[in-house]
Every structure is written in structure tokens, then in C-alpha cells.
Amino acid sequence: MKIGIIIIFHNNEKEIDRDCFIEHSNLAENLELCLVNNDSKDNTFKILQEIKEVCANVSVVNIKKLKSEIAAVRAGARYMFNQFDLQHIGFVSTNSLNTNQHGLNELIKRISENQKVILKYNINTLEKKEIKQTLFQSLFSVIEYLKQLNEENHIVHLQY
């Protein structure tokens, strides 16, 4: 079962390590990544396009007018749902990462290494809900899941 991850970018050209991103994206066999460029004024979109060209499991959505983080996540979710019909879609904004500590490279690495655990955790969380959720209600925060995994299993050491 595949899992989708939406990552929101806005002027993150300097934080994106293209080679690290490509390496870990290609290792993630059951993962579809949707990189959403939220009206960046630097070369973020160009770098995301270059990553997409090399990685089969990476898609890029370009938002040409700056939107709220929630609107950017929804744009990515609509794209992922329509293209891949995924039941499990998580999101993270690069703005919520502590780029002085580990940042984007560490996030990609942790998602790649823990994709099965994240999926299992999401399934368990959804099973506990009493009513069936809509697409947007079922989106989950990757950061929150990684924090939970860190607390419960001590396997993820990502600084938030």
C-alpha cells in the first residue's frame, strides 16, 4: 500500500539538497511525494522540477499566487488523490521545520526510513475514528506522526 506525502515549499532554494533528496526519494518504493511550490520568488520551483525529472515517485504542483499553508496542502491533496487515488496522505510544510538543526534533508531521510511505520500508525489512527472522514479530514501531519513515533519508539530523532 502506497502512502502520499505533500511537502510545501516557499523560497527554500538554499535548504534543498538536491542529491540527498533524490537519493532518499528513490529509496522510498511505496511513497509518492508531491512537492508543492507556493509562489517562491527564488529558484525553488526550478530545483523541484529537476528532482521530479530524476525521481519517478515525485510530482510537482506549482502555485503561482501565494496561498495559505492549508490551501497549498489542499492543492497537493487534490492532485495526489486524482493522480494516484491514495488513501493515506500526509503533509508537512518546510516552514514548520527547524532548518538550523536537521531540516529538510533529515525530514526526507526519516520519511523514507519510516514509511511503513508511518502508514501503520495512520491506519491505526483512522481505525480509532468513529466516522469515516472526507479526503481533507483524513490528511495527517507528518511532523506530528514523527513526533509520536519518536516518543513511542525512540526511532526518530528529528528536531522540530
Any residue on another chain or 5+ positions along whose placed amide H is under 5 Å from the amide H of Lys67 is listed here as none
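According to the square roots a ≥ b ≥ c of the eigenvalues of the Cα gyration tensor, what is the shape class of region 14-89, taking rounded for a/c under 1.5, prolate for a/b larger than b/c otherwise, and oblate for the remainder? Please report the intermediate quantities before stating the final value.
Numbers: a/c = 2.14, a/b = 1.04, b/c = 2.05.
Oblate is the answer for region 14-89, as a/c is 1.5 or above yet b/c matches or exceeds a/b.
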Nearest-0.05 FRET efficiency for Leu66 and Lys147, computed from C-beta distance (R0 22 Å) | 0.20
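Past the 28 Å Cα-Cα mark, which pairs from Lys14/Lys67; Lys2/Lys109; Lys52/Lys116; Lys64/Lys120? Could you put the intermediate results ahead of the total?
Details: Lys14/Lys67 21 Å; Lys2/Lys109 17 Å; Lys52/Lys116 23 Å; Lys64/Lys120 35 Å.
Going by Cα-Cα distance, Lys64/Lys120 fall outside the 28 Å limit.
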Spin-label model distance (nm) - Lys14 vs Glu53, 7 Å beyond Cα toward Cβ = 2.5 nm
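Bear in mind these aren't lab numbers, they're just calculated from the coordinates by the rules spelled out. Fair warning: this is a prediction, and the values are worked out from it, not measured in the lab. Cβ: placed from backbone, ideal geometry, glycine included. Neighbour counts: every protein chain shown.
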